[in-house]
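What follows is a single structure, written as structure tokens, with notes after it.
The values are calculated or read from the model by the stated rules, or taken from the named source; none is laboratory data. Bear in mind the structure is a predicted one, so any value in this text is a computation, not a measurement. Cβ atoms come from the backbone with ideal geometry, glycine included; neighbour counts cover every protein chain shown.
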Amino acid sequence: MTRIPATGGRFGEGVLSRAAALVYTLLTVELLFLAGVVPGLAGLTLLERDPGNVPLAVACLLPVGPALSAAVYALRRRSRDLADLRPAAAFWRGYRANAGGVLRIWTPWLAWLAVAGLTLANFGASGLPGWWAALLVVVAVAATLWAANALVITSLYAFRTADVARLAAYFLVRAPGATLGNLCLLVLAGGVTLVASEAALALLAFAVAAALLRNSRPMIAEIEERFTR
């Protein structure tokens, strides 16, 4: 009897299965992110866009750091095997492991943004020359790009906070493609917030985490080659 050769692969290896696994992972990560930031997000949406509310808005953003870090961790460790698809477990494992380290980076960065925001909001009364405002914006953008690098590093590796800070600053120059990519991401995030709201940006957290990972691939590759062996 003639045997008919098998033409199909194993279950879970098809394009549709992989796409379904990716969608499931992204949706799970997004829902868990939202669960982690609900208190701060609720407060943020209730605040009026008034300069006096800048400190309160910054305080509402504190839970975002650990939740975004957990999302990055879960997406980095995403399994392509449908039999081992556990994004929720990866998210909470990353949250527990990295929350403390992320907050040691996230909190000073938010504090600096609060100072810069209040200064810019009241710049007319400060008596400072106009170029100070431009300098503050440049420093705030640079600090945000540094914080993005630091968040990714802290999410994926167990380095000391001082080492994370140095590596994050080093890779701003060492990996210009990643820095430019994160700058574009920052502009898009700011645009979404201005046009829509902070809640709309929160609904795209899975895309922000995925973009951070993609932009950081050169940095991740060099860290694993030079600093983790």
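Here are a few things to note about the model shown:
- Neighbours by Cβ (under 7 Å, 6+ apart or cross-chain): first from region 188-209, closer than 14 Å to Arg49 by Cα; second aromatic (Phe, Trp, Tyr) and in a helix (DSSP H, G or I): none
- Among the criteria (1) within 20 Å of Thr228 (Cβ to Cβ); (2) modelled with pLDDT of 95 or more, the one Leu183 does not fulfil is (1).
- Set Ala89, Ala111: member being at pLDDT 80 or above and more than 24 Å from Ala148 (Cβ to Cβ): Ala89
- Residue within region 85-106 that is among the aromatic types (Phe, Trp, Tyr) and closer than 16 Å to Val139 by Cβ present: no
- Listed conditions (1) surrounded by fewer than 16 Cβ atoms within 10 Å (Cβ to Cβ); (2) in contact (Cβ under 8 Å) with a residue 12 or more places away in the chain; (3) in a helix (DSSP H, G or I); (4) over 15 Å from the mean Cα position of the chain (by Cα) are all met by Arg166, apart from (2).
- Helices (runs of 4 or more DSSP H) fully within region 57-154 counting 1 or more residues that are free of Cβ contacts under 8 Å to residues at least 12 places away in the same chain and surrounded by fewer than 17 Cβ atoms within 10 Å (Cβ to Cβ): 87-121, 123-126
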